[in-house]
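To start, the structure itself, in structure tokens.
The values are calculated or read from the model by the stated rules, or taken from the named source; none is laboratory data. Values in this document were obtained by computation on a predicted structure and should not be read as measured data. Note: ideal-geometry Cβ built from the backbone for every residue, glycine included; neighbour counts use all protein chains shown. The area values use the complete protein model at the heavy-atom level, side chains included, leaving out ligands, DNA and RNA. Shrake-Rupley method; radii C 1.70, N 1.55, O 1.52, S 1.80 Å.
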Amino acid sequence: METRLHPRFEHDPAARIAEQALRNCVHCGFCNATCPTYQEQGDELDGPRGRIYQIKEVLESGEANATTRTHLDRCLTCLNCMTTCPSGVDYNHLVAMGREVVEQDLERPLRERLLRALLVRALPAGWPFRLALGLGRLARPVLPATLKRRVPPAHAARSTARPPASVAASGFEYGRVLLLGGCVHDAIDARINAALRHLLARLGVEVVEVGAARCCGAVEHHLAFEARTRARVRANLDAWEPVLERGVDAVVSTASGCGVLLRDYGHLLADDPAYADRAARLAAKVRDPVELFDAGTIRTLGIRAPAGHPPVAWHAPCTLQHGQGLPGRVEPLLHAAGFELVPVVEPHLCCGSAGTYSILQPEMAGRLRQRKLDNLEASGPARIVTANIGCQTHLQSGTDTPVEHWITLLGRSLPEATT
């Protein structure tokens, strides 16, 4: 695709990356075939190819318009299109560039500005969200069913069980890991990180956490607050630096959505001479929990599904299969543990969570959630398992079938250690 950047963008590094992405596009339309919003809307402008053309117009004309903003807002950034694309179009960074220009050029209506400002301040801060969530949980018994489902139930903040004796104190690839927390993740379901700590302790892995770090920056990035995103990344790097200097074998987040952004730290600060190398080193150490385990590890840990455990349905988050490029990695672990998985059609499609998308685009998010739940529950599973807290809470708000993280499922199946 021939592209001529407007003089406004001639010296913008992000625009050069976007220009290369545009030139790689061959207009084949394979991306539309797997795009959730195109599937639902049937509108070329609500598919990746249409959005690419709109971003091209922005970069060539030097200005954005409200129509472009509407269709970029509807993009889930599920990155299904990148998995499908035969030409290697970097849609992830292209759409981020387009959104950044839109936010610079167009003032949103007051209601949108207030909601986005609330989200970008409350969610990363932690305590305002915890306060609101606590109030919601207190009121949960008297809420209507539709609202009750949107308030996740309370879970134990920390595992009180004594860490089990190590069964693999040496020979494991990861001896010391930095486990990330501090965001809304633990407020919603602290069992996930607690279960991972338990599993890693059993493997003899030292788990280090840093309380000073907060959100990874994904919330700001979802909302195209790019200056705030980069400030967040720098603050986190400063907070993690003492631990990283002492050496860790992996940096782990149990939220696959956070993993996508963490792997992109090097790109986000590539032009920052003070932080570029540190950001790149951090990104190189990022691992999703699924990369810490294999079938042999499951056997070493002695994890086994309880006798007669009914089948479960696996929902692969877009951030795991498309964003981090780790499709088909959890299923073998669940099989190795003896869990039966039901078949699920359209496993590549997004559930509609997509960070803040389910709040800002509730109608589309609801349609995608129902489509996903229809597929997940078609064979009558006892529960749904996933790998991202956003998917977990979004899906749970639409069903009575329990939804949980695959790490907590394995953690509950870990036999008690003998000392």
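Some observations on this one:
- Our summary of shape: the Cα atoms of the range 242-330 have principal axis extents of 57, 29, 16 Å, ordered from largest down, in whole angstrom.
- For the chain: relative contact order, % (alpha-carbon pairs under 8 angstrom, 6 or more apart): 15
- Per residue, the convex hull spanned by the alpha carbons of the chain comes to 144 Å³.
- 5 angstrom amide H check on E206, placed H, neighbours 5+ away: R176, V177
- Angle of helix 110-125 to the longest C-alpha principal axis of the chain, folded into 0 to 90 degrees and rounded to 10: 40°.
- The portion of the accessible surface of the chain made up by carbon and sulfur, rounded to a whole percent, is 53 (1.4 Å probe; DNA, RNA and ligands excluded).
- At 0.692 mPa s and 37 °C, Stokes D of the range 320-379 from Kirkwood alpha-carbon radius, µm² per second: 252
- Solvent-accessible area per residue, Å², over the chain with all protein chains present [probe radius 1.4 Å]: 43
- FRET efficiency for D277 and R176, using Cβ-Cβ distance with R0 set to 25 Å, rounded to 0.05: 0.75
- Taken along its three principal axes, the alpha carbon spread of the range 290-357 comes to 38, 26, 19 Å, from the longest extent down to the shortest.
- The chain: angle of helix 276-285 to the longest principal axis, Cα-based, in degrees nearest 10: 40
- When peptides 224-233, 274-283, 101-110, 259-268 are sorted by average Cβ neighbour count within 10 Å, with the highest value leading, the order is 259-268, 224-233, 274-283, 101-110.
- Charge dipole of the chain (Cα centre as origin; +1 on each Lys and Arg Cβ, -1 on each Asp and Glu Cβ, all else neutral): 1340 debye, rounded to the nearest 20.
- In order through the range 233-247: 3J(HN,Hα) via Karplus (6.51 cos²θ - 1.76 cosθ + 1.60), integer Hz, x for Gly, Pro: 4, 4, 4, 5, 4, 5, 5, 7, 3, x, 5, 5, 5, 6, x
- Against the main long axis of the alpha-carbon atoms of the chain, helix 48-61 sits at an angle near 40°.
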